[in-house]
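Quick notes on the structure that follows.
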Amino acid sequence: MRTDRAWSRFYAAGWLISAGIGLAAARMWKLHLREVEHRAEEAERTRDEVARRKAMEERLRIARELHDSLTHSISVIQVQAGVAVHLARKRGEEVPTALAAIQEAGTDAARELRATLSVLRREEDQDGSGLGQLPSLVARARGAGLPVTVTVNGTECRLPSGVDQAAYRIVQEALTNVARHAGQARAFVLIRYQTGALTVQVDDDGQGTSAQPSPPGLGLIGMRERVAALGGQLHAGPRGGGGFQVRAELPFPERA
C-alpha cells in the first residue's frame, strides 16, 4: 500500500511539474512572439523613417535645383517687363497688351514657384493654385491674344485640393498648347460639376492634329500622370470637326 501511495504521489507530482513546465514554455513562447513582433515593428518603423528621410532629401534637392534654375530667370523677366511698361507709360504711350500679359505672367510664375518650393519643403501651401484662379488664367490668355470662352455646368462645390489643383493645371496646360500649336484658334473651357466627379474639358478650333506636338510633350504626360494619380481618366486627341480636345474626368469622394 505504501508503495502504491508513493507511486501515486510521484505520478501527481510529475503531472504538476509537467503542467508547470508547459505553462512556463507557453509563457516563454508568448514572450518570444511578442519580441519577434516588436522587432518586426521596429524594423518597419526604421525602414519607413529611412524612406521618409530619403524622400525628404530628394524633395529638398529638387527644391534647390528649381530655385537655382528658375528664380533668376523669372526675376529677369519680371524686371525687364516692368522696365518696359514703366518706359512706355513715362513716354505717354499705351502699354502693349502682350507686354502687360508678360508682366502678369511673370508675377504669377514667381508666385507659383514659391508655392511649389513650399510644398517640396513641406511648408503650408498658402498660394496653391486651383479653379479659384481660373478667371486670372483666362484673362492672361485673352491678353496674349487667345479668345477663350468658359462654361461652368452643375452646382459648384468645394473640391479636394488635389482635384482642384489638377483641374487648374489641366486647363493651364491645354490653353498653353492651344496658344503655341493651334495657330489662329479659339479655346472653349468647360467645367462640369457632377456627383462625385469633376469634368474638365478644353476644346479648340485650330489646325487638327497639328494643334498639339507629336509625340506627346511633357505637358500632356504631366496631365496624364496627374489624372492617373487621382484615379481619373484623360482623353487628349483631335476633334472630329477639326481642332483638338483635352477632357479629364476627375473623381472625388462625396462629403458627408
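So the values come out like this:
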read-out: Unique match (being surrounded by fewer than 19 Cβ atoms within 10 Å (Cβ to Cβ), modelled with pLDDT of 85 or more and not assigned by TED's automatic domain parsing to the domain that holds Thr116) among Pro213, Pro238; value: Pro238
read-out: Segment 158-194, subset charged (D, E, K, R) and either farther than 21 Å from Ala105 by Cβ or in contact with a Gly (Cβ under 6 Å, 6 or more places away or on another chain) (or both), residue modelled with the highest pLDDT; value: Arg192
read-out: Test for Ala197: is it assigned by TED's automatic domain parsing to the domain that holds Thr149, in contact with a Pro (Cβ under 8 Å, 6 or more places away or on another chain) and modelled with pLDDT of 90 or more; value: yes
read-out: Test: residue in segment 66-73 that is at pLDDT 70 or above, under 30 Å from Gly106 (Cα atoms), surrounded by 10 or more Cβ atoms within 10 Å (Cβ to Cβ) and among the polar types (S, T, N, Q); value: yes
read-out: Odd one out for Ala256, checked against (1) outside the structural domain of Thr176 (by TED's automatic domain parsing); (2) modelled with pLDDT of 80 or more; value: (2)
read-out: Residue list for segment 149-189, restricted to those being assigned to a helix (DSSP H, G or I) and over 20 Å from Ser129 (Cα atoms); value: Val178, Ala179, Arg180, His181
read-out: Qualifying residue in segment 150-173 (condition: surrounded by 21 or more Cβ atoms within 10 Å (Cβ to Cβ) and closer than 15 Å to Asp205 by Cβ); value: no
read-out: Selected residue (criterion: farthest from Phe244 (Cα to Cα)) from residues of segment 143-199 that are within 19 Å of the chain's Cα centre (by Cα) and of a type in the set (Asp, Glu); value: Asp164
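The values are calculated or read from the model by the stated rules, or taken from the named source; none is laboratory data. Keep in mind the model is a prediction, meaning the values are calculated, not measured. Because the Cβ atoms are built from the backbone with ideal geometry, glycine has one as well, and the counts that use them run over all protein chains shown.
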